[in-house]
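A short write-up of the structure that comes next.
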Amino acid sequence: MKTFLRKTISLILCVFLICAALPVRVYASFEIPGICRIQADENAAYAVKMLDYGYAGNTYLSLRDMAMVLKGTDKSFSLKITSDSVALTTGGDYTPVGTEQIPWESDENPNASLRRNGFEVNEQKVIYYTMILKLPSGDYDCFMAAADLAMLLDVNVTASDDGSWQIRTQEPFSVSPEVLEQAGYFSGVNSVLAGDAVTGEIYYQYQSDAAWPIASTSKLMTCLLVMDAIAAGQISWEESVTVSDAVELLSSSGDGVIPLEAGSQISIRDLLTGLLLPSSNECALCLAECIAGSEEAFVRMMNQKAQELGLSQAVFFNSHGLPVYTQGPIPAKCQNRMSAEDMFRLVSYLLKVYPQVTEITSQKEADLESIDFKVNNSNPLLHNLSGVTGLKTGTTNKAGACLVTSLTAADGEMEHDLIVIVLGAEDSIERGRVSGLMARFARCAFYEGVEETETGSPALTEQELPVHAEAAVDSIIRKAGKY
C-alpha cells in the first residue's frame, strides 16, 4: 500500500512539474483580414483593406489604400512606412507602390501586432497604436483605427446602410457623446465627464456621480497639497529633500519609476515634475513625507482637503494611487477612489488657484536637474491635439486606464481651461481614443454650444444597440459636422 502511495504521489508530482514548466496560457493575436468600400466626396469608391484586431469589427484601415481614396482631395497625404515607423505628410502627393486596392492574397490571418510604432505627422511626433505589416511585394503597410485616422485628418466620416463609408473632406471631424452613449461606446469605461473649469459648466457626463478607483490621478490631490505648502512658505521650489529608506524601497520595486537612493537629495521642483510627468510613485511618497512627516499624516491631509472642497465621494489611502494592502493573514486591497464630478471640482480648483501647474504638465519631457535624470510625459494627447496642457494619467488593474486632460480655449476676453475626465478605460489605447474624442467635443461645445437632444425621442433598446466595434465607430462619427 505504501509503495502504491509513493508511486501515486511521484506520478502526481511529475505531472505537476511538467505542467508548471509549460505556459499557463498561450496568447495568440488574431488580425482578421477584410475589405470595405470607402468614397471621398463625389469621387469613385475604393476597396480598402481592413484588419480586425482581436475580433471582427475592431477595424483598422490600410493607410496606403486610404491615401489612394483621398488622393487629389484637400485631405491627401503622402506616406513613408518602414518595419516600425510611419511618416505621414498632409497635403503631400502619394506615390503608389502597387499594392493599393489589391485584395488579400490569403485567407490566413496576417502576421501583425498592435503596438505603439513610431509615428510622425508633418515631422511632428504623435502617439497612436497601429499595426505595420510587410506585404508580399516587400513593401510595408500600416493599419490605423478608423476613428484615429478621422481625428488625425479632421474629416467627417459616415457609414451608409450598405456598409460602405463616406468621407466628406470639407466637413471637420466632430462627435456627439449622446450618440456614443446610445451606441454603447462608453460601456468600456467607468466614467466620462467634459466641462469648463472656469465657468463650472459641464458639457457631458456619464456615470459621473459614482466613486471609482482613480489610480495615479490621485497625484493631482498630492500636487494640490504641495502647491499649498509652497504658497504657505513651508517649502520652496529649490529646497532639497533627503530620500528616505521607504522611498528607496518603493523606487526599487516593480512600481518604481525614478531611481532614488536613501540619503540622496532631490529638489521639490524635480519631485513635483517627476510626480506629474512620468507618474513617479516614489516622488509622491517623498513629497508626502517632506510635507507631513509621514505618509499616514499626509493621507489625513488629503482626506481633510477633500472635505474642504466638497468632494463627497473621495477617499484616499496613500499619496500615489497604488493599491494599499491591510495588515492580516487575508489582507484587503484598498485603492483611492473618487467620482468624475469630484475630480472635476478638484481640477477646477487646482487650475484656478495654481494655474502655473500647467507649466509642468504641458511639457512633453523634462530634465530633473538635481539628480541628472530625464523624464517623459505619459499623456499621449500632448502629441496628438493642439492646446493640451495636461494633466495626469493613471493605471491599475482595478482602476483601469484613467486620464484627466486639460486644454485651453479662448472666448475673446479670457482663456478657459476645458477638462476631460476618463476613468476606467480598458487599456491605454482606448483611454487615449476616448479622451481624444471627448477633448474635441469639449472644444467644439465651448465654441459652438452643446446641441440639445430632442425631447421625447425614444432611447435605443438593447436590441438596437451596435454589438461590435465597427458599429460603435460608425456611431462615433455619424453626426460629424453637426456642431
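Worth pointing out:
- Members of region 199-233 that are open to solvent by less than 20 Å² (accessible area, probe 1.4 Å) and among the polar types (S, T, N, Q): Ser208, Ser216, Thr217, Ser218, Thr222
- Hits in region 119-144 (condition: exposed (fewer than 13 other Cβ atoms within 10 Å of the Cβ) and in a strand (DSSP E or B)): Gln124, Lys125
- Every residue from region 378-427 that is more than 12 Å from the chain's Cα centre (by Cα), part of a loop (DSSP other than H, G, I, E, B) and either crowded, with 24+ Cβ neighbours inside 10 Å or of a type in the set (Ser, Thr, Tyr) (or both): Ser386, Ala399
- Output for region 362-377, where each listed residue is touching a Lys or Arg at 6+ places or on another chain (Cβ under 7 Å) and either among the hydrophobic types (A, V, I, L, M, F, W, C) or open to solvent by less than 70 Å² (accessible area, probe 1.4 Å) (or both): Asn377
- Lone unmet requirement of (1) aromatic (Phe, Trp, Tyr); (2) under 17 Å from Val404 (Cα atoms); (3) not in a helix (DSSP H, G or I) for Phe317: (2)
- Among residues of region 165-214, those that are assigned to a loop (DSSP other than H, G, I, E, B) and of a type in the set (Val, Ile, Thr), counted: 6
- Enumeration of residues in region 326-383 that are in contact with a Pro (Cβ under 9 Å, 6 or more places away or on another chain) and within 23 Å of Leu311 (Cβ to Cβ): Lys333, Cys334, Gln335, Asn336, Arg337, Met338
The values are calculated or read from the model by the stated rules, or taken from the named source; none is laboratory data. Quantities reported herein were computed from a predicted structural model and do not represent experimental measurements. Here the Cβ is made from the backbone with ideal geometry for all residues, glycine too, and neighbour counts use every protein chain on show. Accessible surface is based on the protein model in full, side chains and every heavy atom, while ligands, DNA and RNA are left aside. Shrake-Rupley method; radii C 1.70, N 1.55, O 1.52, S 1.80 Å.
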